[in-house]
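Notes to accompany the following structure.
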Amino acid sequence: MTRVVCPGSFDPLTNGHLDIIERASFLFDEVVVVVLVNDSKKGLFPTEQRLELIAGATAEMENVTLDSYAGLLVDYCAQNDVQAIAKGLRAVSDFDYELQMAQMNGNLTGIDTVFIPTSPEYTFIASSLVKEVAKHGGDVNGLVPRNVLTALDEAFGH
Ligand code: PNS
């Protein structure tokens, strides 16, 4: 059985993330979506809420489970019998840093990273941009799942 992780900050989950999670769920036996907790970076949504939003949006995906972790991703993988890391790649601009992380993770424990190309319609979507647009009342409908849209409206008081 091949278990992979889809790691990220997911602050918040976007339709780009969801596309990668779903496609990973078609390729692998089990996908664990792991929200990595970064104490030095205060996000918009607390970890618990990020997990709830991902849970709502992936409820129909039977081989997808959720978790959170504060520490090195490779340690999570070693402790949870995870064979590979699945990451989405939006554009060449993502590649430099993603390659560096993949090679660092490989160097640490030998774990491999599988890159899944982002579907073209989601290439421009990033959680940071979604938050900026939503904060100023811009329309992010279609860029995030419906439950995230509601959470953004509540967070920004719209
Ligand atoms: O959604 P993001 O913020 O682009 O995801 C980046 C993330 C969380 C996957 C990455 O920062 C990570 O793996 N953090 C966990 C700590 C770690 O293992 N750092 C070393 C990476 S080589």
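The values are calculated or read from the model by the stated rules, or taken from the named source; none is laboratory data. Please read all numbers here as calculations on a predicted model, not as lab measurements. Here the Cβ positions follow ideal geometry from the backbone for every residue, glycine too, while neighbour counts run over all protein chains shown. For accessibility, only protein heavy atoms count, side chains too; no ligands or nucleic acids. Shrake-Rupley method; radii C 1.70, N 1.55, O 1.52, S 1.80 Å.
Computed values, structure above
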| item | result |
| --- | --- |
| Within the chain, helix-based [θ] at 222 nm, where runs of 4 or more DSSP H residues each add -39,500 (n - 2.57), nearest 500 | -13000 deg cm²/dmol |
| Solvent-accessible area of residue 136 with every protein chain in place, 1.4 Å probe, in Å² to the nearest 10 | 140 |
| Size of electric dipole in the stretch 20-108: Cβ of Lys, Arg +1 and of Asp, Glu -1, about Cα centre, debye, nearest 20 | 360 |
| Expected-Rg normalisation [2.2 N^0.38 Å, Cα atoms] applied to the chain | 1.01 |
| Dipole moment magnitude, nearest 20 debye, the chain about Cα centre, only Lys, Arg, Asp, Glu C-beta charged | 320 |
| Dipole of the chain [Lys/Arg +1, Asp/Glu -1 at C-beta], most positive-end residue of 145, 99, 109 | 99 |
| Mean separation of Cα contacts under 8 Å, 6 or more apart, over the residue count of the chain: relative contact order % | 30 |
| For residue 114, residues with placed amide H under 5 Å, excluding near neighbours | 85, 86, 87 |
| The stretch 1-78: C-alpha gyration tensor shape, a/c 1.5 cut-off, then a/b vs b/c | oblate |
| Reachable lysines from residue 41, criterion Cα separation under 17 angstrom, eight or more residues apart if same chain | 131 |
